[in-house]
1. Multiply the residue separation of residue 92 and residue 181 by 0.36 nm, subtract the distance between their alpha-carbon atoms, and state the gained length in nm to one decimal.
2. Can you order the peptides 98-106, 202-210 by their average number of other Cβ atoms within 10 Å per residue, highest first?
3. Compute the Cα gyration tensor for the range 104-237, then decide on rounded, prolate or oblate, letting a ≥ b ≥ c be the square roots of its eigenvalues: rounded whenever a/c is under 1.5, prolate when a/b is larger than b/c in the other cases, and oblate in all that remain.
4. Taking the alpha-carbon centroid of each part, what is the distance from the range 138-192 to the range 82-111 in angstrom?
5. Where Lys and Arg each count +1 and Asp and Glu each count -1, what net charge lies around residue 121 among other residues with Cβ under 11 Å from its Cβ?
6. What residues have an amide H closer than 5 Å to that of residue 196, excluding those fewer than 5 places away on the same chain, when H is modeled at 1.01 Å from N in the peptide plane?
7. Which value in nm describes the separation of the simple spin-label points at residue 61 and residue 20, placed 7 Å from the Cα toward the beta carbon?
8. For the range 1-141, rounded, prolate or oblate, judged on the Cα gyration tensor with a ≥ b ≥ c (square roots of eigenvalues), a/c < 1.5 rounded, else prolate if a/b > b/c?
Amino acid sequence: MKKQNIPDEIFKLVTEEEINIFQELQIKIKELNNKTNLTRLIDGDDYWVSQVFDSIWPFKAFTNINFDNKKFVDIGSGCGFPGLAYAVIHPNSEIYLIDSSKKKTDALKILIKECNFKNNIHIINDRIENLARQSSMRNNFNIATTRAVSNPSTVSEYILPMLRKEGLGVLYCGKWTDEESKNLDKTLEILKGKFKDKKKILLPRGKGTRNIILIQPKNFCPEVYPRKVGKPEKNPL
């Protein structure tokens, strides 16, 4: 297997077979990028650290949680991270990738058709504010993630209505301040959710700080949330 300057930290988290899938995925995303601008994070450390490592380390870091064989939804999936990265390392999980951009969901359909995923993967082109109103989607997932979508309060309003009572929301954050922590606590109170855990690391190769916040439902999220399209973004709770 050609290492192509993959950081050593990656090899501590994944198998050789999984590395091969990530390499295949990188090639396919590059091909699609020539036709449609999916992401700028596609070469070298931009791909292997900012995409792959950043997506998967939370699912290895919380060793007391079983992330395998779950119903998983990635909200605002973009070019497929963290959703496809989670899929690679959890081949027994059922995956839903949601994005409001048809250009991106069309590209995701090509990626899952041409790469060697073992999962059952569903691609949905819609707004989460609409999907969360559907009985087949609401309160239906074990794990929900968002990355590079919005602030923690806004994404909590997207995530919590999708989770089963025992489900888990995974929030990817850069900096994390006391003020943001207080704002999230207020939001979770309104949404009938609760804080579960937090971990922070410095990403390899100087790619910055990453905080992962885990949230859970305390009770089912009130029916009025999420609010109509655009409201959670413009007016966080």
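Every number here is computed from the coordinates shown, using simple stated rules; none is lab data. Everything numeric in this text was worked out from a predicted model, so none of it was measured. Virtual Cβ from ideal backbone geometry, glycine too; neighbours counted across all protein chains shown.
1. Numbers: separation 89, 0.36 × 89 = 32.04 nm, distance 3.36 nm.
So the chain would gain 28.7 nm between residue 92 and residue 181.
2. On the way: 98-106: 17.9, 202-210: 14.4.
With the highest mean Cβ count within 10 Å placed first, the list reads 98-106, 202-210.
3. Numbers: a/c = 1.68, a/b = 1.10, b/c = 1.52.
Oblate is the answer for the range 104-237, as a/c is 1.5 or above yet b/c matches or exceeds a/b.
4. One Cα centre to the other: 20 Å.
5. Numbers: positive: 109, 113, 118; negative: 74, 94.
Result for the neighbourhood of residue 121: +1.
6. 214, 215, 216
7. With each label placed 7 Å out from Cα toward Cβ, I get 3.0 nm.
8. Numbers: a/c = 1.97, a/b = 1.24, b/c = 1.59.
Oblate is the answer for the range 1-141, as a/c is 1.5 or above yet b/c matches or exceeds a/b.
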